[in-house]
Amino acid sequence: MSSPPRILVTGATGRLGQLLVPRLLARGAGVRALTRHPARANGLRAQGAATAVGDFDDGDTLRRALEGVSHLFLLSPITPTLADQQIAVIEAAAAAGVERIVKLSGSHWTIDPPGRSLSGDAHREIEAALRRSGIAHRVLRPNAWMQVMLARVASELAAGDELHAPPGDPKVAFIDARDIADVAVEALFEQPASHEASPEPWVLTGGSALGYDEIASIASRLTGRRIVATPLSAQAQQQRQAANAPSPYIARVHAQFAALIVAGEAEPVSDTVADVLGRPPRTVEAFLAETVAGRVPA
């Protein structure tokens, strides 16, 4: 029986990393969490993960963090230096003898075709570097996250009976971040076929695409109130995004995402989650039951 993987998780204290680390530990993996915020890693250490403090711009930190590691989960925030930083990590992983990399990439519709998204083009460049590295790997391309795009539903319903929808109320195949984490575990434990040096990315979506009218109907059932969805104007949406973005660069990235979503690019549904996990993806209704109605999932 082969020994369990020794996995370096980058982005370990973020939204997905905090879901992924306990799942890997439960599967018996050895986990080291790379973080710039050691205090935020206390909970991960308490669960049994080791930690390495530093960032992608510090070559010495990367070399130390990768010592003795067999697998790497590659994730970092969107920044203007995303491609350079992640490619440096891939090169460091190759030098350290890492056997397998799982990369959390951008949504499929931001990457293909090229030239439609700053972050998508960066992820495309990183994926190309990963293929050139010769390291066995799997790329995950998740669709719009429920925990991001639907996070404001609870606060909007607390303020009234109206949900603000994107212009045109496009349908979106939202995916629960917990499904992304579950698939990431399987990708890290995956035994690749010998001929599969550069496998196709796994495109991850929910099981169906919903518009905000449908989300409002779900919210109505859960709350017992009449909830309506009101599409924002394009100008109002841009103003909201600019106000919430931490930098002009991120505001531009978010505007590109929004335009692609309005164009229907986030609507297609894939079967990958069900194929990998052997169960259907979590639903928007289940997510809203937790966040809006306060129900604990079974």
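Only the coordinates and a few stated rules stand behind these numbers; no lab work does. Small disclaimer: the values here were computed from a predicted structure and weren't measured. Positions of Cβ are backbone-derived with ideal geometry, glycine not excepted, and every protein chain shown enters the neighbour counts.
Computed over the stretch 170-298, relative contact order equals 43 percent, with contacts defined as Cα pairs under 8 Å that lie 6+ residues apart. Our summary gives the chain a relative contact order of 17 percent, counting only alpha carbon pairs under 8 angstrom and 6 or more residues apart. Quick one: if the Förster radius is 45 Å, what FRET efficiency do D213 and T79 give, using the C-beta to C-beta distance and rounding to 0.05? Using R0 = 45 Å, I get an efficiency of 0.80.
Residue-wise HN-Hα couplings along the stretch 151-162, as the Karplus relation 6.51 cos²θ - 1.76 cosθ + 1.60 with θ = phi - 60° gives them from phi, are 5, 7, 4, 4, 5, 5, 6, 5, 8, x, 10, 10 Hz; Gly and Pro carry x.
For the stretch 121-194 and the stretch 5-75, compute the distance between their C-alpha centroids and round to whole Å. Result: 20 Å between the Cα centres. The relative contact order of the stretch 60-128 comes to 35 percent, based on Cα pairs under 8 Å that sit 6 or more residues apart. Between E285 and E99, the contour length at 0.36 nm per residue exceeds the alpha carbon distance by 63.1 nm.
Packing around the peptides 218-230, 117-129, taken as the average count of other Cβ atoms within 10 Å per residue, puts them in this order, highest first: 117-129, 218-230. Label positions at R63 and E162, each projected 7 Å from the Cα along the C-beta direction, are separated by 5.9 nm. A helix-only calculation puts the chain at -13000 deg cm²/dmol for mean residue ellipticity at 222 nm, using -39500 (n - 2.57) for each DSSP H run of at least four residues, averaged over all residues.
Summarising the label geometry, the points placed 7 Å from Cα in the beta-carbon direction at R45 and S198 lie 4.2 nm from one another. Backbone N atoms of the stretch 262-278 closer than 19 Å to the 7 Å Cα→Cβ label point of A26 belong to residues 273-278. Helix 212-223 and the longest principal axis of the Cα set of the chain meet at an angle near 80°. Could you calculate the FRET efficiency of R116 with V148 from 1/(1 + (r/R0)^6), where r is the beta carbon distance between them and R0 is 22 Å, rounded to 0.05? After rounding to 0.05, the efficiency reads 0.65.
Summing charges over neighbours of A151, with a neighbour being any other residue whose Cβ is under 13 Å away from its Cβ, gives -1 when K and R count +1 and D and E count -1. Compactness of the chain was expressed as the Cα radius of gyration divided by 2.2 N^0.38 Å, which yields 1.02. Rounded to 0.05, the FRET efficiency of the A251 and L277 pair, given R0 = 41 Å and the Cβ-Cβ distance, is 0.70.
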